[in-house]
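The structure appears below as structure tokens.
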Amino acid sequence: MPTTRRQSTLKSKTENAEDVIKSNSHAKRAKPQSAEAKEPPEKKAKTEETEEAEEAEEEAPEKPKFTTGKKYEWQPGTIERGHIYFFYRPKVQVEQAQSIDDIKNFHMLLVPRPPEFSVPEKRGSKSGKQEDEMKVMEPGADAVPAPEPTNQPKKRFRLITVGKKHLPDPEMGGAGQGRKEMFWATVTEVGEDLHHLEEGLGTKEYETMTRGARKNEANRLAARGAYAIVNTEDTVPSHRETHFGYYVSHPDEPGEVQEELGIGKASSFVMQVKNPEAPTTAGARISGKGPEYPEEIMRDVFGKGGARGRESYGLRFTACATPELLDYKHAQILLIAARGGEEGLDTSLGEGRGKAMADHEEKEKNEPIEQIFQELDADIKAYPAEPLKGEWI
């Protein structure tokens, strides 16, 4: 059969390709022989000159590589939500506080809860399942706490004492107006026994050698609401932040008590946790030995041993990678004012979480005061409730 011009061209290209393959094959077989025959003299000279330095490097202790255990890996998004209760205690021998000057302590009680969508109200029904799925899909749903059960003596809680007896003002500082306000706080109690908590927050009477009988009035309940702790999603570790935000359900509108204590309707703070082995900075109003964190937290979170930071103890402060950092008595927290109001809360927590919390707490504001005390399994007489109406007592 006669050969066409196209077939002739294809045949020529095929022969050329085969020649190239053969040529490369010969070159590959010849390459090792060429390498063995001639080694660059510069490489030998470099090896001789650096031999002592390499031996010294091998003998030197290797700096530990920072590898966070899975347990303490950075968790972006909402790492905890629940209900928050604000208390204050008058000074010793003061029966009724008339202003913040009469206050001895100011506390935040955190009671963690699962998200609302994880606790369906209508199990088994088709409509109930559809409602649960809708709740999960709603923006900010992971920051909305499930309803607080009542008359349960056992609940996980943390009592946090704020150093300056009032919260930082989110409206002060920032945007060219100086540094934002920052206050110290300490975890003073961690537990599950609400009756034990009630005893600790209740009236205290004792005797002293010099002044005789002394009395410290019970704590007063100043506000109640919901809170969420949210981590940013920054990939750079040094840019990561933990935001702590709350929205108040009771009282409906802040009164004189709430204004003096810095309890706004809604507010957010940047939260940092102090390394207990790091020295306290000048001017910091914090005392005590600090928490006794296990070595794995000191190593994997703070980077003790030189893995993170410039000092052997690691980082001085860290964002709250896990809420477990707050589960140790005497844990030291730095609260930096961020934003106030519902809009500011929504901006700080992101993804509609602030709005979702606000909508939820606006519904809960109609709960009677008696129910709030039942949430803590406490008698309404245990903590004077007048401050919930904005009145000092």
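Label region 320-372 by shape, choosing from rounded, prolate and oblate, from the square roots a ≥ b ≥ c of the eigenvalues of the Cα gyration tensor; if a/c is under 1.5 it is rounded, and otherwise prolate applies when a/b is larger than b/c, oblate when it is not.
Details: a/c = 2.34, a/b = 1.31, b/c = 1.79.
Judged from the Cα gyration tensor, region 320-372 comes out oblate (a/c at least 1.5, b/c at or above a/b).
Full extension of the chain between Ser312 and Asp252 gives 16.7 nm of extra length, using 0.36 nm per residue less the Cα-Cα distance.
Among Met357, Met298, Met209, rank each residue by its count of other Cβ atoms within 10 Å, from fewest to most, as a rough exposure measure.
Fewest to most other Cβ atoms nearby, the residues stand as Met209, Met298, Met357.
If you wrap the tightest convex hull around every Cα atom of region 228-267 and split its volume per residue, you get 69 Å³.
Number of Lys-Lys pairs in region 178-335 with C-alpha atoms under 17 Å apart and a separation of 8 or more places or on different chains: 5. Once each part is reduced to its C-alpha centroid, what is the distance from region 229-250 to region 89-114 in angstrom? Each part's Cα centre sits 26 Å from the other's.
Neighbour counting of Cβ atoms within 10 Å sorts the residues His166, His195, His83, fewest neighbours leading, into His195, His166, His83. Sorted largest first, the principal axis extents computed over the alpha-carbon atoms of region 270-385 equal 53, 36, 30 Å.
Each reported figure results from applying straightforward, stated rules to the coordinates on display, with no laboratory input. Just so we're clear, the structure is a prediction, and the values are computed from it rather than from any experiment. Ideal geometry is used to build each Cβ from the backbone, glycine not excepted, and the neighbour counts take in all protein chains shown.
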